[in-house]
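Worksheet: the structure to be examined is printed underneath.
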Number of protein chains: 2
Amino acid sequence: MKQTVAGNMLIAQSGGPSPVINQSLVGAIMEAKKHKEIKNIYGAMHGIKGILGEDFIDMRKESAATLKAVANTPSSALGSVRKKPSPEDCVKIFTVLKKYEIHYFFYIGGNDSAETVHIISEEAKKSNFELRCFHIAKTIDNDLRENDHTPGFGSAAKFVAMALMGDNLDNRALPGVKIDVVMGRHAGFLTAASALARVYPDDGPHLIYLPERPFNMEKFVADVKKVNEKYGRCVIAVSEGISDENGQAIAAKFSKEVDSHGNVQLSGTGALGDLLAAEIKAKTEIKRVRADTFGYLQRCFPAIISATDSKEAALVGATAVKQSLKIPSGSIAIKRKPGKKYQVYFEAVPLSAVAKETKHMPDEFINSEANDVTKAFIDYAKPIVGELPVIGKFAGKKVNKK
Amino acid sequence: MKQTVAGNMLIAQSGGPSPVINQSLVGAIMEAKKHKEIKNIYGAMHGIKGILGEDFIDMRKESAATLKAVANTPSSALGSVRKKPSPEDCVKIFTVLKKYEIHYFFYIGGNDSAETVHIISEEAKKSNFELRCFHIAKTIDNDLRENDHTPGFGSAAKFVAMALMGDNLDNRALPGVKIDVVMGRHAGFLTAASALARVYPDDGPHLIYLPERPFNMEKFVADVKKVNEKYGRCVIAVSEGISDENGQAIAAKFSKEVDSHGNVQLSGTGALGDLLAAEIKAKTEIKRVRADTFGYLQRCFPAIISATDSKEAALVGATAVKQSLKIPSGSIAIKRKPGKKYQVYFEAVPLSAVAKETKHMPDEFINSEANDVTKAFIDYAKPIVGELPVIGKFAGKKVNKK
């Protein structure tokens, strides 16, 4: 083990925001304040953009009250960035870190951020500069390797489950077919979490389509017809990333929709939901068909927070700082202990083990018909999402007709 | 005043669900249980559809725990209906009411429901049948005449405000133009409530477009450009019902979007948001432009409830029952006392005063540029929506560049 070095710390946030990404940020800052090796604590604005532009704020100047309020506020308080740095950028970043005497570097984000940290870490080694490099996992997509689940997923999943709870009740009141498009381009975890909305036997979502299985339009229409015959209604959760057996996105394959300028729209729009709704209207006799695309609400809605997720996000941040005083680099992964009781621990894993490739829903979480999740998924997700609202329902004793 | 008559009671729900429509239902049932004149308490399933089909459930058989849980659950627990009865239907409904010895009739809904109750009431008078007929106001659109505001609005408005709070933070982290399409075809109250999301001076929504003012695409593009130049980003709340100076819906006027079957899609879709986003992309240099359509989430999301709205909804239901023991018919309106302190009272107004026409945002609530609300609206809406989450923000003391 290398000797710890005294120096400044830099922390930044990257990628899509999450409802608890600031818990990790504040968790790391609070922990850093406990260690005399860590001198100044800088926050870079908008991830690597702020590092390259030397746009730092002084985290030691923030009051305890502000830190607490920010921790409980969704979306990246330091700003974020979508930029994946080039190898040249990484060299530049490293130069900036040296200039500001930063020996502790923390980057909160997904697999691309882990990759960035990995490259910077290698760069430091080459230059024989003592730099502790840590990745703090964050993604509502829940698709980081080595992690049982990732900070951000539990809260976004709670939003999706609650949204489906409400939407199922709406659909029960005014029956028809309702399609809800959920985030998750390659991993279906967030869409799968819609299953947690079910309380009563006839509750939706009645069908769940994930990007892990090829989507077949004929099968989809047949599935909806079948559910509609049984319940007189049908609520569907579908991942924005559903694709056919060749990996082509359904939105691109079937949509003839063009905007007023001739562009085919795919993401950040309601196009997929609208297209699936149109298909049901065209291929069935069902008259009331609606689609909603949850969009950015699911990653930044305030106050809809999983208590477990919130706590773990803070601990992942704090653990990264603790580990940085012991080992040169790593990504803090959430591991789950086997057994019925939900228990997790945090482990520093190599950056390369989390960088680049992501993970997908395991087969045991998806039913054989590829239109629902399994009990194994429910058991997995429930403790991460935590408590959901109580949904009341009348016993509904029928009055005898006269 | 007519003598009160002993008899059964029937209650039903109509139109789009709301987060607190069951508070009104349970409020009425709890009150009814206190009065010996009211014998059986029936709930009709799916509004007038259930009345015509004699599909009733026995509300006295529901436990206190169930009633409490249902009251706190969004969406119409008795089911709803979009059907506006014909005069012939009203005659049939009246026949059913007589057959079941119903002398107390309550219908929870918007202006169409008030109209239905009014016709049935007239029918009863003609037949000299003692029927107490009451309308219990409900609409997230907040567009019922005689009402300072309507049950359901406060909670839906809270959802919209919270959604914009989160979306503003998302947009601050990853800047660009973000368009959020909010419900409200003819009245802009719900879209206007997005203004409550603002906490800090640069917070969005930066622009708000309401159906009460003609929407001009050139002005819209110019507005967005101006805000983007100032803040480097722009969050916009727009009502789904925006129309041009001739009253033509913008979605219909500008959209060349057709689904795979050649239909132009207007409502229950993401079309309007996508079209506005495409316009900004085409007419400006701004690269990151996204649109979300909040859809049904805003009327049925569980646990996002305004405490004031919830309490008032229950009281409107209870007041209707109380009044039914005193006067033959009416609609229970929420009136606000003048003065700084928020205080309301409930008044039975004639059914005809609420039926048919709806109301719109008054001029004093809309700014002269027709792209924002005024302080008068904020003062009006704040106590109805109630407490919103605390949003933390760093002081952001810049570190001197080296």
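The values are calculated or read from the model by the stated rules, or taken from the named source; none is laboratory data. Treat the numbers as computed from the prediction; the structure is a model and nothing was measured. Please note: Cβ atoms are built from the backbone with ideal geometry, for glycine as well, and neighbour counts cover all protein chains shown.
Within the range A:322-348, the set of residues being more than 19 Å from A:GLU31 (Cβ to Cβ) and part of a strand (DSSP E or B) comprises A:LYS335, A:ARG336.
Have a look at A:SER75, A:SER80 and point out the one that is within 8 Å of chain B (Cβ to nearest Cβ), touching a Ser or Thr at 6+ places or on another chain (Cβ under 7 Å) and not aliphatic (A, V, I, L, M).
On the way: A:SER75 fails: touching a Ser or Thr at 6+ places or on another chain (Cβ under 7 Å).
Matching residue, one of A:SER75, A:SER80: A:SER80.
Scanning for something over 30 Å from B:ILE119 (Cβ atoms), out of contact with any Cys (no Cβ under 9 Å at 6 or more places or on another chain) and either surrounded by fewer than 22 Cβ atoms within 10 Å (Cβ to Cβ) or not assigned by TED's automatic domain parsing to the domain that holds B:PRO175 (or both), does the range B:315-337 turn up at least one residue? Yes - at least one qualifying residue is present in the range B:315-337. Being part of a loop (DSSP other than H, G, I, E, B) and crowded, with 19+ Cβ neighbours inside 10 Å narrows it down to one of B:ILE384, B:ILE391, so name that one. Matching residue, one of B:ILE384, B:ILE391: B:ILE391.
Given the structure, is A:VAL354 within 14 Å of chain B (Cβ to nearest Cβ), closer than 30 Å to A:SER243 by Cα and not charged (D, E, K, R)? I'd like the intermediate steps shown before the answer.
On the way: within 14 Å of chain B (Cβ to nearest Cβ): no; closer than 30 Å to A:SER243 by Cα: yes; not charged (D, E, K, R): yes.
When the stated conditions are applied, A:VAL354 does not pass them.
All conditions but one from (1) touching a residue at least 60 places away in the same chain (Cβ under 8 Å); (2) within 26 Å of the chain's Cα centre (by Cα) apply to A:ALA44; the one that does not is (1). Taken over the range A:166-221, the criterion of being out of contact with any His (no Cβ under 9 Å at 6 or more places or on another chain) and of a type in the set (Phe, Trp, Tyr) is satisfied by A:TYR200, A:TYR209, A:PHE215, A:PHE220. For the range B:5-28, the condition of being more than 26 Å from the chain's Cα centre (by Cα), closer than 17 Å to B:ALA320 by Cβ, more than 14 Å from every other protein chain (Cβ to nearest Cβ) and assigned to a loop (DSSP other than H, G, I, E, B) holds for at least one residue. Take A:SER306 and tell me if it is modelled with pLDDT of 95 or more and within 14 Å of chain B (Cβ to nearest Cβ). Against the criterion (modelled with pLDDT of 95 or more and within 14 Å of chain B (Cβ to nearest Cβ)), A:SER306 qualifies. Restricting attention to the range B:339-346, does a residue exist that is among the charged types (D, E, K, R) and within 14 Å of another protein chain (Cβ to nearest Cβ)? No, every residue in the range B:339-346 fails to be among the charged types (D, E, K, R) and within 14 Å of another protein chain (Cβ to nearest Cβ). Within the set A:VAL199, A:VAL182, the sole residue that is buried (at least 24 other Cβ atoms within 10 Å of the Cβ), at pLDDT 95 or above, touching a helix residue (DSSP H, G or I) at 6+ places or on another chain (Cβ under 9 Å) and β-branched (Val, Ile, Thr) turns out to be A:VAL182. In the set (1) surrounded by fewer than 19 Cβ atoms within 10 Å (Cβ to Cβ); (2) more than 10 Å from chain A (Cβ to nearest Cβ), B:GLU31 fails one condition alone, (1). Restrict the check to the range B:103-117 and report whether at least one residue is within 14 Å of chain A (Cβ to nearest Cβ), crowded, with 18+ Cβ neighbours inside 10 Å and of a type in the set (Phe, Trp, Tyr). Checked against the condition, which is being within 14 Å of chain A (Cβ to nearest Cβ), crowded, with 18+ Cβ neighbours inside 10 Å and of a type in the set (Phe, Trp, Tyr), the range B:103-117 yields no hits at all.
The residue that is farthest from B:LEU25 (Cα to Cα), among those in the range B:74-92 that are surrounded by 22 or more Cβ atoms within 10 Å (Cβ to Cβ) and among the hydrophobic types (A, V, I, L, M, F, W, C), is B:VAL81.
Condition check: in contact (Cβ under 8 Å) with a residue 40 or more places away in the chain, under 25 Å from B:GLY166 (Cα atoms) and not in a helix (DSSP H, G or I). Does A:SER80 satisfy that?
Values: in contact (Cβ under 8 Å) with a residue 40 or more places away in the chain: yes; under 25 Å from B:GLY166 (Cα atoms): yes; not in a helix (DSSP H, G or I): yes.
Criteria met by A:SER80.
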